[in-house]
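Take a look at the structure set out below.
The values are calculated or read from the model by the stated rules, or taken from the named source; none is laboratory data. Here the structure is a predicted model, which is why all the values come from computation and not from measurement. Neighbour counts run over all protein chains shown; Cβ positions are idealised from the backbone, glycine included. Heads up: the accessible areas ignore ligands, DNA and RNA and are worked out on the full protein's heavy atoms, side chains in. Shrake-Rupley method; radii C 1.70, N 1.55, O 1.52, S 1.80 Å.
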Amino acid sequence: MGGPVLALDVAAAVLRIDYPRLLPISRYDLVPEDLGFAGADLADMDNGTTGSFLGHTYATTKVAVPPDQADAALDQLLADGIRLIVVMADSRDLLRLTDRAAEAGALVLNASAPDVALRSQNCRATLLHIAPSNLMLADAVAQFSVWKRWDEWFLISGSNYEDTSLAEAYRRAARKFGIKITEERLFADTGGSRRTDSGHVLVQRQLPAFTQGAKRHDVLIAADGTDYFARYLPYHLSTPRPVMGSAGLRPVTFHAAHEAWGTTQYQTRFEELTGRYARAEDYNVWLALRVVGEAVTRASTTDAMAIRDYALSDAFELAAFKGQKVTFRNWNGQMRQPILLYDGMITVSVSPQEGFLHQFSPLDTLGLDRPESECSAFN
């Protein structure tokens, strides 16, 4: 006979910072009001299914604020006794909020920030990364490119910080997998609206001229972390080539057409709950809270640091509709997970690609491996 069932009330939160942004290029990319929060609702339902047998209840507080109210919102969550907090924010705000939360003994789960430095020199022992890094995404593209023998790249990057960070990840991926970048060009962000009545006319004239005369390449890689030019690249190049990266074939954690490995049941439940399709941000938040649920179930605790320790242990694994269990890198807090390559309609491929081997896990061929990370917070 086992011991008595321990009733636990699991309080978590999702803190989303809403930054001022221009409208996206495509109406398909308009941000729903419940972005991320919908994933939290589904996670509470899923965690509650198992929890009901164990006497565990799950309740997630959802807060969306502009950047200048983020600290106050976090302070209120901490004052309410919440110590498990999923954050959707950029890297600078995420780091500040993580340090603030750590003072109260809280665990933060990063659902959106892709900066490589967060998994290296700027890592934190109380910060786990559900969202993949830019380098994981770039490596996923590079592996597919190598598999296709498209080993010469033309790299076009934007001028904003998010764009240049992403471009550097693609340079590192190219070096890592022996790909030659034959030419680079910068597409400057001059501001203004991204959607106008004459937008496609201007792009149809500008992009062929902008890409004219490029050195020989097999594929064009777009590094557009702020969504202001990459979507226009396919079919508008001077030399017809496949586009990968921020347009064309894109590396994503999740998309609404993904059906493999039982994902259809996830999609169906999400759509019934929300009346819309799931987005990567929804999935990341769902996955973050499922990490919490799995740790609570297995370790029978609601203590934030005990949950962190279990998630980083060899005992932790979680089914995530990716074809294999996901785990964490215990040296920098990054979740290992496959990356889907998505063309806007279907999953074209999944990285890591066949044949890319690693002494511990093929998933560690994506992003920073242990020797490459400068993170020492987990030592």
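Being surrounded by fewer than 23 Cβ atoms within 10 Å (Cβ to Cβ) and assigned to a strand (DSSP E or B) is the filter here; which residues of the stretch 212-242 pass it? VAL219, the sole residue that qualifies.
Number of residues in the stretch 346-370 that are open to solvent by less than 60 Å² (accessible area, probe 1.4 Å), in contact with a His (Cβ under 9 Å, 6 or more places away or on another chain) and over 23 Å from ASN332 (Cα atoms): the value is 1. Of everything listed in (1) of a type in the set (A, V, I, L, M, F, W, C); (2) surrounded by fewer than 24 Cβ atoms within 10 Å (Cβ to Cβ); (3) farther than 20 Å from ASP303 by Cβ, the single unmet condition for LEU118 is (2). Of all the numbered requirements in (1) open to solvent by 10 Å² or more (accessible area, probe 1.4 Å); (2) of a type in the set (Ser, Thr, Tyr); (3) within 22 Å of ASP115 (Cβ to Cβ), TYR283 misses one, and that requirement is (1).
Looking only at residues that are in a helix (DSSP H, G or I) and of a type in the set (D, E, K, R) in the stretch 121-171, which one is surrounded by the fewest Cβ atoms within 10 Å (Cβ to Cβ)?
Start the filter on the stretch 121-171 by keeping residues that are in a helix (DSSP H, G or I), which leaves 134-147, 161-171.
From what's left, of a type in the set (D, E, K, R): 139, 162-163, 168, 171.
Details: ASP139: 27, GLU162: 18, ASP163: 25, GLU168: 16, ARG171: 18.
Only one residue tops the list, namely GLU168.
Considering only the stretch 355-371, state which residues are among the charged types (D, E, K, R) and either without any contact (Cβ under 8 Å) to a residue 12 or more places away in the chain or on the phi > 0 side of the Ramachandran plot (or both).
First, the residues of the stretch 355-371 that are among the charged types (D, E, K, R): 364, 369-370.
Hit for the stretch 355-371 is ASP369, nothing else.
Could you please tell me which pairs satisfy a Cβ distance under 9 Å, a separation of 6+ or placement on different chains, a first residue in the stretch 46-58 that is over 19 Å from ALA320 (Cβ atoms), and a second residue that is modelled with pLDDT under 90 and assigned to a strand (DSSP E or B)? Listed by first residue and then by second, the contacts come to nothing, as the list is empty.
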